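Below is one structure, written out as structure tokens, with a few remarks after it.
The values are calculated or read from the model by the stated rules, or taken from the named source; none is laboratory data. In this text, all values refer to a predicted model and were calculated from it rather than measured experimentally. Positions of Cβ are backbone-derived with ideal geometry, glycine not excepted, and every protein chain shown enters the neighbour counts.
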Amino acid sequence: MIKKNQLFLLALTICGVLLSLPALMGPGRALRYFPGWWQGPQLVFGLDLQGGAHLLLEVDKTQMMADHYDLLAGSLRKALRKKGCRYANVRAAESGIKFELVDEGSADHAYDAVRSLDSELVITRNGKSMRVALPEEAVLSLLASAQEKSMETIRRRVDESGTKEPLIQTQGRDRIVLQVPGADSPERVKELVGRTARLSFQLVKNVLALDEAQSFVPNPSEEILFPVPSSRSDSANEDNIAYVVDREVLVSGSMLVDAQPSFDQYNQPQVSFKLNGLGAELFGAVTQKNTGRPFAIVLDSEVISAPRINEPILGGQGVISGRFSIQEAQDLSLLMRSGALPAPLTVLEERVIGPGLGADSIQKGTMATAVAIVVVVAIMFAAYHLFGTFASIALIVNFVLLLGAMAYLGATLTLPGIAGIALTLGMAVDANVLINERIKEEMRAGRSLIAALDMGYQRAMTTIVDSNLTTLIGAFILYVFGSGPVRGFAVTLSIGILISMFTAVLLSRAMAFAWIRYKRPKVLWI
Amino acid sequence: MSFLNLKKVPSLDFIGMRLWTFGISGIGVLSILLVLLMNGLPYGVDFKGGVILEVRAPNAPKLDDIRTAFSEVLEGDASIQTLDDAQDFLVRFDEDLFEADKEETLSAVRKLFGKGADIRRMESVGPKVSNELLGSGLTAVFFALLAMLFYIWFRFEWRYGLAALCALLHDCIAVVGLYVLGRVEFAETAIVAVLITAAYSINDTVVIFDRVRENKGRYGRSMPLKALLNLSVNETLSRTLLTSLTTLAALLVLYFFGGRVIASFSLPILIGLSVGTYSSICLATPLLFWLSDATDVHGGVLNQNSKKAV
């Protein structure tokens, strides 16, 4: 009951309330009512309140390993030849590479060849059959870096598409969470994010008509690729062909430095690109060696364009023209700039909330919370009169501080979170109920006013702490196991309870004692 | 509210009522479990996977017309419901149907619902995620119940823990009963409702048990167990009722004014809290009596715990 403590408490509370007030008003209105220096961080609304798209993506580990071993198989063939090892039936799958030795005696050379590629590879041998694979830790490490790289690539793509404040996070070992608030066209975001966008330049060996392509069997160093279906109506004929291309990638998308949409001499959209030093060299060499022949520009195993090399291109710059619409040219350059995804991503979960629904929820939620506060205050007053008023003041302060704390902590307010606020308020009152009941009992037992107050607050403390603790346990478990909106609920509830331990107990106690000393009443209005 | 400003403590015989309360609760729990076994839970997309669309159609078409139109256009099963507003519909179908061509399906749906139809919300959950959510939801409930059991065990002793656990389970089953009997969609928010009910029920029970322990310290063997327990419950009655009243009032306001989503979330918590209050008063304490009586320990083990009393 020392004066200094009470003063400090009061000052702390007022500070807290003042700091929280801008958060209460909401982003727009706060600027109007409060000067610049009084502004603080604003409440962050979850997707279910502000509308937007939520995507949960997963790195396709199987495909990633299949591609990895595919690439490795090419290098393996070269390495085996170098060591003078004759091999047959090199088959790459997502679990590893299998091949057969023609001569068992060359097994040692084979081991050397494999080790020269990657010292982590595990080799198992059964007579002439050899199997090469990466150990589990190496696979997981690949997965982790694929996840990291995917996240960065997605970030670049989403940033470029002009979305404000996207949330991009890794989750677990192979997942990425992407949240795009207020998205007008979540489908576009999905498309941008969903394309692997692996670009490669490959030599064209032959062009076939579609029906020929059905029965054509390419030799192992070649593959059949089909042109990208065009959205433009003037090129229907060109869709009925297939390209037989060399498997070898002459220049890959990773060597791109820039790509921008532009227009050709007929004002048709195209994409201009620039290669880095290595790319320019390779490109120069290829174009010099193959002047006059066509080469294919391949995006995700589809041929975007197959121009003829008219002359050697040594500057590392070029143009992709391929029956694009303006939007397609822009999207393609965006994809090329942001780089390829290291592995395809599958969409595990997709939620889109329209802005209308979100605004509705905010409006109704706010009103409901306001009415709930009024109702609770009324009940408390009717039950405990003056002390009910102390409790109510503490409650309102609790509410303001709760919103302020959430804003400063950057906690997200979700729809269940609004329900959490109302629940917190109901429970915060519980502490005061416990205290006031105790006070009544002590007075019934004949204690003096001040002693009754003191004992009331003291005795009730253990029970208050107990009950709040159990609720915090529940909230903690909810946080650990729950998803986004549920976590919002858990966070709101926890912050609310912690604040209520301060306001319901300390604040109301300070008010009660201050009142006693000021008014010195004989009877307690409780 | 004069009954709350009681000048004297009431003296209702809660322990005496136990046959009735055990009976009613027992029947309730059994019937819920029975229906659960027969019909299962109406899982939402969160736990079963699939796609949900919330459509607002200003034309307010009739549900039957929509259903026939759908069956003509789409191949798989689509379940269509109206929501409280005549122009709001909930369309639900399997993920495979949707994946075929998402954009086309979405525009087909818009067309079916007439001019100006707007898809206000779309949730598509793959089977992997839905299985995980269900798993983590159930794990959460399991751990929460375990944590709370240990908590009471630690604070009091095993009889208290057991009695509280039974009351807890009873309350959780009652909340699940809403979904089982009322066929309300069992989504992730249902798990939240169950956990909140558990926390609240424990709260209530702890308050009463606290008082029991205090009274044991004060009266010791001089009061028979039944009277002691009754006294404890009666003494804490006004607190229990008042807290429930304020929290329930807040929830009721949410239910009526908060909009559809908040209402669907508040209803199970409402039920949970009401049942929780009932169980703390009429189940947990009588159970404690029955356990102590059956193991004949009044004045024995229980008294030693009074060292911990405030």
Original post:
Scanning the stretch B:117-138 for residues that are farther than 22 Å from residue B:194 by Cα and of a type in the set (A, V, I, L, M), which turns out farthest from the other protein chains (Cβ to nearest Cβ)?
Top reply: B:117
Subject >> Filter result (free of Cβ contacts under 8 Å to residues at least 24 places away in the same chain and among the aliphatic types (A, V, I, L, M)) within the stretch A:122-140 >> reply: A:122, A:123, A:138
**OP:** Can you confirm whether the stretch A:408-425 contains a residue that is within 20 Å of residue B:238 (Cα to Cα), assigned to a helix (DSSP H, G or I) and among the hydroxyl-bearing types (Ser, Thr, Tyr)?
**Re:** no
Original post:
Hey, does the stretch A:205-212 have a residue that's in contact with a helix residue (DSSP H, G or I) (Cβ under 7 Å, 6 or more places away or on another chain) and modelled with pLDDT under 85?
Top reply: yes
Original post:
For the subset of the stretch A:318-348 comprising residues that are touching a Pro at 6+ places or on another chain (Cβ under 7 Å) and polar (S, T, N, Q), which member is farthest from the other protein chains (Cβ to nearest Cβ)?
Top reply: A:333
**OP:** Look through B:173, B:191, B:152 and report the one residue that is more than 7 Å from chain A (Cβ to nearest Cβ) and over 23 Å from residue A:489 (Cβ atoms).
**Re:** B:152
**OP:** For the stretch A:471-492, name all the residues that are polar (S, T, N, Q) and either in contact (Cβ under 8 Å) with a residue 24 or more places away in the chain or surrounded by 24 or more Cβ atoms within 10 Å (Cβ to Cβ) (or both).
**Re:** A:471, A:492
**OP:** State whether the residues of the stretch A:334-355 include one that is without any contact (Cβ under 8 Å) to a residue 60 or more places away in the chain and among the small types (Gly, Ala, Ser).
**Re:** no
Original post:
Among the residues of the stretch A:426-471, which ones are farther than 18 Å from residue B:198 by Cα, under 41 Å from the mean Cα position of the chain (by Cα) and within 8 Å of chain B (Cβ to nearest Cβ)?
Top reply: A:429
Original post:
Across the stretch B:212-236, what is the number of residues that are facing chain A (nearest Cβ under 10 Å) and under 26 Å from the mean Cα position of the chain (by Cα)?
Top reply: 1
Subject >> Selected residue [within 12 Å of chain A (Cβ to nearest Cβ), in a helix (DSSP H, G or I) and surrounded by fewer than 19 Cβ atoms within 10 Å (Cβ to Cβ)] from B:244, B:264 >> reply: B:264
Subject >> Any chance residue B:167 is closer than 22 Å to residue A:478 by Cα, surrounded by 24 or more Cβ atoms within 10 Å (Cβ to Cβ) and modelled with pLDDT of 90 or more >> reply: yes
Subject >> Filter result for the condition that a residue is within 30 Å of residue A:115 (Cβ to Cβ), in contact (Cβ under 8 Å) with a residue 40 or more places away in the chain, over 22 Å from the mean Cα position of the chain (by Cα) and surrounded by fewer than 19 Cβ atoms within 10 Å (Cβ to Cβ), over A:84, A:74 >> reply: A:74
Original post:
Yes or no: residue A:189 of a type in the set (A, V, I, L, M) and modelled with pLDDT of 85 or more?
Top reply: no
**OP:** Give, as residue ranges, the helices (runs of 4 or more DSSP H) completely inside the stretch B:96-186 that count at least 3 residues that are closer than 29 Å to residue B:57 by Cβ and free of Cβ contacts under 8 Å to residues at least 24 places away in the same chain.
**Re:** B:102-112
Original post:
Has the stretch B:39-53 got at least one residue that is without any contact (Cβ under 8 Å) to a residue 60 or more places away in the chain and either assigned to a helix (DSSP H, G or I) or touching a Gly at 6+ places or on another chain (Cβ under 6 Å) (or both)?
Top reply: no
Original post:
Restricting attention to the stretch A:138-160, does a residue exist that is assigned to a helix (DSSP H, G or I), over 30 Å from residue A:283 (Cβ atoms) and not aliphatic (A, V, I, L, M)?
Top reply: yes
**OP:** Determine whether the stretch A:369-386 contains at least one residue that is within 30 Å of residue B:55 (Cβ to Cβ) and within 13 Å of another protein chain (Cβ to nearest Cβ).
**Re:** yes
Subject >> Matching residues, the stretch A:238-256, being touching a residue at least 40 places away in the same chain (Cβ under 8 Å) and either part of a strand (DSSP E or B) or under 14 Å from residue A:327 (Cα atoms) (or both) >> reply: A:243, A:244, A:245, A:246, A:251, A:252, A:256
**OP:** Quick one: which helices (runs of 4 or more DSSP H) lie wholly within the stretch A:432-526 and hold at least 1 residues that are more than 28 Å from residue A:14 (Cα to Cα)?
**Re:** A:449-481, A:484-500
Original post:
Does the stretch A:491-501 contain at least one residue that is at the interface with chain B (Cβ under 9 Å from one of its Cβ atoms) and of a type in the set (A, V, I, L, M, F, W, C)?
Top reply: yes
Original post:
Somewhere in the stretch B:201-208, is a residue within 8 Å of another protein chain (Cβ to nearest Cβ), among the hydroxyl-bearing types (Ser, Thr, Tyr), assigned to a helix (DSSP H, G or I) and closer than 19 Å to residue A:497 by Cα?
Top reply: no
**OP:** Please work out if residue A:365 is within 9 Å of chain B (Cβ to nearest Cβ), within 30 Å of residue B:88 (Cβ to Cβ), buried (at least 24 other Cβ atoms within 10 Å of the Cβ) and in contact (Cβ under 8 Å) with a residue 40 or more places away in the chain.
**Re:** yes
